[in-house]
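To keep things clear, I will list the structure first and then write my remarks on it.
The values are calculated or read from the model by the stated rules, or taken from the named source; none is laboratory data. Since the structure is predicted, the reported quantities are computational estimates derived from the model, not experimental observations. Positions of Cβ are generated from backbone atoms using ideal geometry, with glycine treated the same way; all protein chains shown enter the neighbour counts. In case anyone asks, the SASA skips ligands and DNA or RNA and just uses the protein heavy atoms, side chains included. Shrake-Rupley method; radii C 1.70, N 1.55, O 1.52, S 1.80 Å.
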Amino acid sequence: MRTGRCDMAWLEAGAGWPVILLHAFPLRADMWRAQLEAVPPDWRFIAPDFRGFGGTRALAAGDGGIDEYAADIGDFMDCLKLEDAVIAGLSMGGYVAFALYRQSPARFNGLVLADTRPQADTPSGREGRAAMRALLAREGTPAVAAQMLPKLLSPRARSEDPAVAAYVRRLIEGADPAGVDAAIAAMADRPDSTPDLPRIACATLVLAGELDEITPVADARAMDAALPRSTLTILEGAGHLSNLERPQVFNRALGDFLLARL
Ligand code: MLT
């Protein structure tokens, strides 16, 4: 679908009240397949690809910041004629959800923050991003996949669930290097969303993999404490991509949260 800003690609399943699922970096909408296969009754799950990922392409280059990704989602919702939705973001998806909340809080009929954090990058985090951009330019997405996999998945998933590890590797290796590079730059420059937390008025679910190395459980606990209407669920034994590692527990927590929204 051509919106005002992008040629937009997305996956969807179910019918009813909308939930927008925002994916992690450097993946795409496909990472939500275990959620798309288990949509609760009365809900419609819609998972767009961010610009530069999967099938979505921006029609024009903007300033490249995290706000661009959020504006794309707002525009996409308008094109689908969705006034509001439950917005669920995992990791980078959460960074985009914070930006979208700043742009238009009325779009939120609930917020799910999975394996994400409100803080901006630290100076050393930004150095790591610069190093990853250099690695990407030198060796391409396979090198990014090799570097990220140990942080994206728990040791258990990597050793006992080779299908999940192979799937995540395939998604990263198949990503467009230009889209990956732009997202690294956007994440490095994103603002601190911590001051926004007390102002987030909608009901919020915070989900976190117990063994998440990229956005540790301590961040999830702090976020939960700062959000006025938050529930926290820790997914035992899961790493950063908790929806892929523990889909049933993830789906149950999400389903309970949605049930309470009806
Ligand atoms: C993600 O999973 O979206 C990224 O790892 C987030 C990040 O690098 O900050």
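Below are the figures for this structure:
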{"read-out": "Cleavage-rule hits, GluC sites (Glu not before Pro), region 61-138, DSSP coil, Cβ neighbours within 10 Å at most 15", "value": "Glu83"}
{"read-out": "Within-9-Å neighbourhood charge of Ser242 [Cβ basis; K, R +1; D, E -1]", "value": "-3"}
{"read-out": "GNM top mover of Asp49, Asp78, Asp181 - the chain, alpha-carbon springs below 10 Å", "value": "Asp78"}
{"read-out": "Exposure of Ser124 as accessible area (Å², to 10), given a probe of 1.4 Å and all protein chains", "value": "80 Å²"}
{"read-out": "Summed side-chain charge close to Ala61 - residues other than Ala61 whose Cβ falls under 10 Å, Lys, Arg +1, Asp, Glu -1", "value": "-1"}
{"read-out": "Helix-only mean residue ellipticity at 222 nm for the chain, each DSSP H run of n ≥ 4 adding -39500 (n - 2.57), per residue, nearest 500", "value": "-13000 deg cm²/dmol"}
{"read-out": "Carbon + sulfur, % of accessible area of the chain - ligands and nucleic acids excluded, 1.4 Å", "value": "53 percent"}
{"read-out": "Ordering of 253-259, 29-35 by burial proxy (mean other Cβ atoms within 10 Å per residue, highest first)", "value": "29-35, 253-259"}
{"read-out": "Proximal charge balance of Pro105 [Cβ under 12 Å; K/R count +1, D/E count -1]", "value": "+1"}
{"read-out": "Calculated log₁₀ intensity ratio I(q)/I(0) where the Debye formula runs over C-alpha points of the chain, q = 0.07, 0.13 Å⁻¹", "value": "-0.21, -0.77"}
{"read-out": "Most mobile of Ala175, Ala163, Ala185 in a GNM of the chain (Cα contacts under 10 Å)", "value": "Ala163"}
{"read-out": "Accessible surface, per residue, of the chain when the full set of protein chains is kept, probe 1.4 Å, Å²", "value": "41 Å²"}
{"read-out": "Heavy-atom accessible area ranking, 1.4 Å probe, most first, across Glu210, Glu236", "value": "Glu236, Glu210"}
{"read-out": "Listed residues Val164, Val86 arranged by accessible area, highest first, probe 1.4 Å", "value": "Val164, Val86"}
